[in-house]
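Here the structure comes first, spelled out in structure tokens, and everything after it is commentary.
The values are calculated or read from the model by the stated rules, or taken from the named source; none is laboratory data. Keep in mind that this is a model prediction, so the values were computed, not measured. Here the Cβ is made from the backbone with ideal geometry for all residues, glycine too, and neighbour counts use every protein chain on show.
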Amino acid sequence: MSARPELPREFVAGHKRRRMMDAIAELTAEQGYEATKIADIVRRAAVARKTLYDNFDGKEDLFLSAVDATMGEMRVVVEEACERTDSPEEQVVAGLEALLEFIAEHPAATRMCMVESISATRSSARLYDAGMRDFVDLLSNSALDNSELPETIEESLVGGVAWILQQQIRRDEAERAVELLPELSQFVLSPYLGVGQPRETARRK
């Protein structure tokens, strides 16, 4: 029997880092950041304590890395979904759908990002704020007409969407996030579709 080929060291190291980030996401979703201990993480990730400290400075560094990575993944899936459509309205719906699908597929990771990170540490709160600003910029840079709307409209809309999603996640219903697509699409688009148009026209759209 031929020997099993050895996996590249970089692949093994990357896989272990991913396991540790997944572990802290799962544990913070289950019991909160404060209650999660290093011993819990290494046990869940099936790695040695030394392996964790070889890759991260400690629990907070691991948590911040996991939050940052997940925020980046969320942003990429939304941007890619928007790029596959033409009109601004279609981009908003496609972006929201991609975000909701991501949340449904990664409930622990999104709970870590959208709920736990807000109050876990000051640095994680700053990461959350930066992630929200990315989505505000994405909406601001769309071709939707906001010329007659308040300057803070995108911040208000992104904040409203985040609040609705946080309630869904706190109810342990992240897997059903996609069901919110019609409601959230109308919530985000209605201010733009109503600008300078009769109310009946805006409603038909």
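Report yes if some residue within the range 155-167 is surrounded by fewer than 14 Cβ atoms within 10 Å (Cβ to Cβ) and acidic (Asp, Glu); otherwise report no. Looking for residues that are surrounded by fewer than 14 Cβ atoms within 10 Å (Cβ to Cβ) and acidic (Asp, Glu), one finds none in the range 155-167, hence no.
Per the conditions (1) within 30 Å of residue 23 (Cα to Cα); (2) in contact with a helix residue (DSSP H, G or I) (Cβ under 9 Å, 6 or more places away or on another chain), the sole criterion not satisfied by residue 153 is (1). All of (1) out of contact with any Phe, Trp or Tyr (no Cβ under 9 Å at 6 or more places or on another chain); (2) of a type in the set (D, E, K, R); (3) surrounded by 15 or more Cβ atoms within 10 Å (Cβ to Cβ) hold for residue 75 with one exception: (1).
Within the range 94-112, is there a residue that is surrounded by 21 or more Cβ atoms within 10 Å (Cβ to Cβ), of a type in the set (A, V, I, L, M, F, W, C) and over 28 Å from residue 34 (Cα atoms)? Within the range 94-112 (the criterion being surrounded by 21 or more Cβ atoms within 10 Å (Cβ to Cβ), of a type in the set (A, V, I, L, M, F, W, C) and over 28 Å from residue 34 (Cα atoms)), the answer is yes, since at least one residue qualifies. Give all pairs with beta carbons closer than 9 Å in which a residue from the range 127-144 that is in contact (Cβ under 8 Å) with a residue 12 or more places away in the chain and farther than 24 Å from residue 193 by Cβ meets a residue that is surrounded by 18 or more Cβ atoms within 10 Å (Cβ to Cβ) and small (Gly, Ala, Ser); count only pairs at least 6 apart in sequence or on separate chains. Cβ pairs passing all conditions: 127/117; 128/117; 131/117. Kindly establish whether residue 130 is closer than 18 Å to residue 183 by Cβ, part of a helix (DSSP H, G or I) and either at pLDDT 95 or above or in contact with a Gly (Cβ under 6 Å, 6 or more places away or on another chain) (or both). No, not satisfied. The residue pairs whose first member lies in the range 16-36 and is farther than 11 Å from residue 116 by Cβ, whose second member is among the charged types (D, E, K, R) and at pLDDT 95 or above, and whose beta carbons are closer than 6 Å, counting only pairs six or more residues apart or on different chains, are 23/44.
Any residue at all in the range 133-146 that's in contact with a Ser or Thr (Cβ under 9 Å, 6 or more places away or on another chain), small (Gly, Ala, Ser) and part of a helix (DSSP H, G or I)?
Residues of the range 133-146 in contact with a Ser or Thr (Cβ under 9 Å, 6 or more places away or on another chain): 143, 146.
If we keep only those that are small (Gly, Ala, Ser) too, we end up with 143.
The next check asks that each one be part of a helix (DSSP H, G or I); those that pass are none.
Checked against the condition, which is being in contact with a Ser or Thr (Cβ under 9 Å, 6 or more places away or on another chain), small (Gly, Ala, Ser) and part of a helix (DSSP H, G or I), the range 133-146 yields no hits at all.
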